[in-house]
1. If the chain between His462 and Lys514 were fully stretched, how many nm would it gain, using 0.36 nm times the residue separation less the Cα-Cα distance?
2. Return the loop-located trypsin sites (Lys or Arg not before Pro) in the stretch 348-440 (DSSP other than H, G, I, E, B) with at most 16 other Cβ atoms within 10 Å of their own Cβ; answer none if there are none.
3. From the square roots a ≥ b ≥ c of the eigenvalues of the alpha-carbon gyration tensor of the stretch 2-155, which class results: rounded (a/c under 1.5), prolate (a/b over b/c), or oblate?
4. So what's the gap between the Cα centers of the stretch 663-688 and the stretch 293-307, to the nearest angstrom?
5. Report the percentage of all Cα-Cα pairs in the stretch 498-555 whose separation exceeds 14 Å, rounded to a whole percent.
6. Mind checking the stretch 308-413 for GluC sites (Glu not before Pro) that DSSP puts in a loop (not H, G, I, E or B) and that have at most 14 other Cβ atoms within 10 Å?
7. Per-residue ellipticity at 222 nm for the chain, helices alone: DSSP H runs ≥ 4 residues times -39500 (n - 2.57), over residue total, nearest 500 deg cm²/dmol?
8. Among all the lysines, which ones have a C-alpha under 21 Å from Lys245's C-alpha, if same-chain residues fewer than 8 places away are not counted?
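The values are calculated or read from the model by the stated rules, or taken from the named source; none is laboratory data. Because the structure is a prediction, the values reported are computed rather than measured. Cβ placement follows ideal geometry from the backbone for every residue including glycine, while neighbour counts extend to all protein chains displayed. Note: accessible area is taken over every heavy atom of the protein model, side chains too, but ligands, DNA and RNA are not part of it. Shrake-Rupley method; radii C 1.70, N 1.55, O 1.52, S 1.80 Å.
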Amino acid sequence: MSEKTAFPLTLDTPLQYVKGVGPLIAQRLAKLNLHTAGDLLRHYPRRWEDRTLFAHAAQLRGGEFVTLCGLPLSVSTTQPRPGLSLTKALLDDQGAAVMLVWFNQPYMEQVFRKLITAKHPVVVYGQAKRSGMIVEIQNPEWEPLDETGDSLSSGRITPVYPATEGITQARLRRLTDHVLRECLPLIDEPLPPELRQRYRLIELREALQNIHYPTTFEALDAARRRLVFEEFFFMQLYLALQRHKLHTNSQGIRFHVSLEKLHQSLQAILPFPLTKAQQRAIAEIASDMSSGHLMNRLVQGDVGSGKTMVALAAILMTVQNGYQAALMAPTEILAQQHAIVLQRLLAPLDLRVELAIGSLSKREKQEVYERLRTGESLIAVGTHALIQEEVGFARLGLAIIDEQHRFGVLQRRALSRKGDQPHVLVMTATPIPRTLTLTLYGDLDVSVLDELPPGRKPITTHWRSRSKREQVYAAAERLLSDGRQAYIVCPLIEESEKLEAQSAAKLYDYIANKVYPHRRVGLLHGQMPPSEKEQVMLRFKAHELDVLVSTTVIEVGIDVPNASIIIIEDADRFGLAQLHQLRGRVGRGEYPSYCILLADPKTPEGKARMEIMVKTCDGFRIADEDLQLRGPGEFLGTKQSGLPNLHIADLLADRDVLVETRAAAFELVKQDPTLSSPQHRALREALQRLHTHLELASVS
Ligand code: ADP
Ligand code: MG
């Protein structure tokens with residue numbers, strides 16, 4: 001006997017020492033990120049085929065997904081046109097003909113020649129198409145039928161694994177089966193019994209057995225539910241522990257807030273009543289800031305939902321307690337707009353709003369910084385200028401970050417470092433799908449503004465080919481002659497702001513001289529000096545301009561209620577979230593508004609994206625669809641999101657389970673914040689194992 005079998009197999013046994021695996025196979029398995037026997041158990045199938053019964057070709061009508069078994073009789077490759085080769089193999093399935101077809105895989109011919117010579121039957125899985133007497137399956141999944149009539153690959157619900165070169169499905173099946181037999185008894189149940197009972201979860205051992213080799217599809221469902229739950233649960237448990245730590249360890253300034261008084265002051269200065277959603281968010285913030293713990297809250301609300309007023313309320317609570325508040329926005333235009341709005345509203349209360357932006361003169365800056373340092377001024381609004389070294393506060397009690405997705409984590413932290421543990425409020429209009437909010441911001445409290453202020457007219461969105469441009473301009477002209485204003489957004493050129501500015505200038509030229517020579521047209525792009533940008537923006541706002549040709553600098557937050565149409569050139573170059581933001585520039589006043597997407601997308605995905613925009617104005621739905629189209633990785637851009645890898649759970653399909661696990665995890669942490677009760681021992685250990693694996697901070 002080789003020494004391989006001398007070791008009893010454990011979950012930590014390197015795969016190299018598992019029966020049937022040598023260094024070479026181990027290397028290939030490593031490509032699948034499989035290193036130990038235990039990894040193999042968690043290498044879940046990517047799908048399962050119902051091979052409990054082989055279909056018979058003679059009985060197929062076409063259209064059904066089937067598993068067939070047949071003997072290969074002949075194979076040939078033809079080249080119907082340059083660049084296309086067709087390889088066809090004919091199978092005999094008990095007297096009925098089955099044709100397998102591959103496109104541009106001429107090597108299949110060799111593979112099948114060997115099988116024909118060996119008279120080796122194959123198992124085929126795919127969608128049957130009937131043409132006359134013949135059943136055809138294109139690009140089938142297939143494998144040689146195991147001589148032993150291998151019970152792992154046929155006659156059962158068969159797992160199909162993510163595989164890699166040099167590792168066949170059959171090998172993966174044999175390996176998992178072997179490891180299951182040897183290691184299953186070694187597996188501890190991490191989930192406490194009450195939890196399993198409450199959420200109808202089968203035991204881990206049973207789940208692992210059935211995820212690989214389910215006896216029935218019901219058993220498979222139960223196994224999958226258990227494993228999905230577990231995966232989400234550990235993620236949520238980690239977040240719940242983090243949050244608990246944050247809440248208990250972090251003393252926050254205790255503000256004294258009377259909601260009633262606050263509402264009175266707000267109503268006195270606001271020209272409109274607050275929406276229910278705004279009131280709810282404000283109450284949540286008030287409760288945070290008066291709790292004695294540090295506030296760490298995200299306000300999430302679609303474009304136009306009125307986040308600024310929520311910020312205003314938080315600022316009021318802060319200054320009424322004698323502390324300073326700082327609001328940081330991603331662009332100068334936006335910072336200026338906030339400063340103007342807030343100053344106008346707060347002037348009756350004798351509060352001065354300082355604007356800190358890069359384009360101030362040196363002297364202006366010095367004066368502003370001085371008033372903040374001495375505490376003479378209580379409110380600062382600005383761009384990243386606020387986090388420059390020379391900026392200091394006498395007693396910063398609240399740091400607000402608007403459009404937080406535009407800032408990095410470090411910039412956000414830099415702002416709160418300007419004070420001694422100020423409360424933190426971050427605001428975002430990037431409609432993050434709710435499911436992702438739970439995973440990304442699990443350690444933040446979230447207030448959702450799920451209601452727009454009343455009286456908003458819906459925005460009608462049209463998608464037009466670029467060739468229809470002139471008609472679109474003509475339609476916009478009718479709105480202009482009614483006294484409305486229009487945005488025209490230039491094509492996005494991500495690689496170069498300079499090129500983008502040039503193309504904007506060109507479009508401006510055309511619009512100003514050829515399309516609307518009788519209208520007042522302005523130009524706005526990122527390469528203009530800030531003071532000039534501001535001038536243009538202010539003139540547009542004051543209706544001294546009818547049309548604004550602009551790059552995406554107008555994307556965030558700009559508020560001009562009289563603008564009722566936005567025309568977006570080459571709309572297919574933008575991301576959905578960005579298009580939604582841009583569209584949010586209109587529909588802010590009392591007028592019916594329009595968004596016109598000029599685009600000729602080439603791909604089905606591109607078309608689907610335009611159709612989503614036409615179909616809905618709901619930012620959350622758009623985000624969901626975007627997530628569906630692009631997947632979470634793409635959606636979030638980089639790996640910086642800190643999302644753990646999900647092996648079996650699907651953020652979209654399993655969102656209900658995610659919500660369940662969140663409740664379960666937060667409740668468990670409430671009862672046992674250190675996971676130190678004996679019944680949570682296995683849970684704690686499993687979590688700690690997972691943590692080193694995920695490189696997450698340790699739980700104390
Ligand atoms: P966003 O959430 O996109 O930052 P804003 O705070 O810019 O939205 O608000 C959008 C517009 O809605 C602004 O013109 C603002 O004055 C207005 N607004 C905010 N709250 C209300 C309300 N409760 N009723 C009516 N209008 C409101
Ligand atoms: Mg805003």
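1. 16.4 nm
2. Arg352, Arg395, Arg417
3. prolate
4. For the stretch 663-688 versus the stretch 293-307, the Cα centre distance is 30 Å.
5. Of all Cα-Cα pairs in the stretch 498-555, 52 percent lie more than 14 Å apart.
6. Working: sites: Glu332, Glu354, Glu364, Glu367, Glu370, Glu376, Glu389, Glu390, Glu403; in loops: Glu376, Glu389, Glu390, Glu403.
Filter output for the stretch 308-413: Glu376, Glu389, Glu390.
7. Helix contribution divided over all residues of the chain: -12500 deg cm²/dmol.
8. Hits, sequence-local ones excluded: Lys670.
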